[in-house]
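Worksheet: the structure to be examined is printed underneath.
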Amino acid sequence: MNAPLAAMAAALDVQLSVPVTAIEATAQGWQVRAGEPIWQARQLVLAIPAPQAAALIPVAHPMQAAAENIPMSPCWAVMLSSEHAINLPFAGAFMNDGAISWLAHNSSKPDRTGQHWLLHASVAWSQAHLEDSADEVIALLIQEFNRLLARWGQAEPHWQHAGAHRWRFAQGSSTQAVVQSAETGLVLAGDWLAGGRIEGAYLSGIDAANALLAVTAGQQSNQS
């Protein structure tokens, strides 16, 4: 899903795997510390989960409380690949009880091949198994998926490959967009804003960009 971003960032200087340890307000905007490297920026966008943003934003800044007061829930995700097709009458389904909250036939997406299924564990299950190893989570969720498949009249598949990913901060509970603080040069974006789904990520990104652009336009107008 990051292909559009990778294309947009092709001409940019992108620094990967560089943990930011602190941000500080300065007369010129913001100072970003990442260990030895220190960057200066007039404007700063934090597009990270709320708890991580709250840990970076200075306590006196109005955006700090906005991020700190939004709880986020974890989610274990497992991707499975089977040797043969699993013939279910749907490509995706929400589950109302049990360990799995969402499952999807990932191969049904455009330009995908193979037989790949994505499982999202429920918030309660993910919280209970948050510190389990990836192998333990895979075994438990395969067991649950096999149980569901048997209930739906499917034979137990031969799983060729399985991988797990833990999202410690997967789901936010915010139902309203955070009021951006673009006049201070700092804005927030992420899927935990404006409802906590992918639409929230998009809408908060548009909101953050518009807020920064409006401040920049006002500054240019004052200078002219």
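Computed quantities for the displayed model
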| item | result |
| --- | --- |
| Any pair with Cβ under 7 angstrom, 6 or more apart, that starts in the range 80-107 at a residue that is on the phi < 0 side of the Ramachandran plot and of a type in the set (Ser, Thr, Tyr) and ends at one that is at pLDDT 95 or above and part of a loop (DSSP other than H, G, I, E, B) | 101/122 |
| Filtered residues of the range 24-52 (kept if among the aliphatic types (A, V, I, L, M), within 26 Å of residue 71 (Cα to Cα) and touching a residue at least 60 places away in the same chain (Cβ under 8 Å)) | 25, 44, 45, 46, 47, 48, 50 |
| Failed item, numbered, when residue 146 is tested on (1) surrounded by 14 or more Cβ atoms within 10 Å (Cβ to Cβ); (2) assigned to a helix (DSSP H, G or I); (3) touching a residue at least 24 places away in the same chain (Cβ under 8 Å); (4) of a type outside the set (A, V, I, L, M, F, W, C) | (3) |
| Members of the range 19-59 found to be assigned to a loop (DSSP other than H, G, I, E, B), at pLDDT 90 or above and farther than 20 Å from residue 72 by Cβ, listed by number | 21, 34, 42, 43, 58 |
| Residue in the range 196-214 that is surrounded by the most Cβ atoms within 10 Å (Cβ to Cβ), counting only those that are in contact with a helix residue (DSSP H, G or I) (Cβ under 8 Å, 6 or more places away or on another chain) and in contact (Cβ under 8 Å) with a residue 60 or more places away in the chain | 208 |
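The values are calculated or read from the model by the stated rules, or taken from the named source; none is laboratory data. Please read these numbers as outputs of a predicted model, since none were measured by experiment. All Cβ positions, glycine included, derive from the backbone under ideal geometry; neighbour counts span all protein chains shown.
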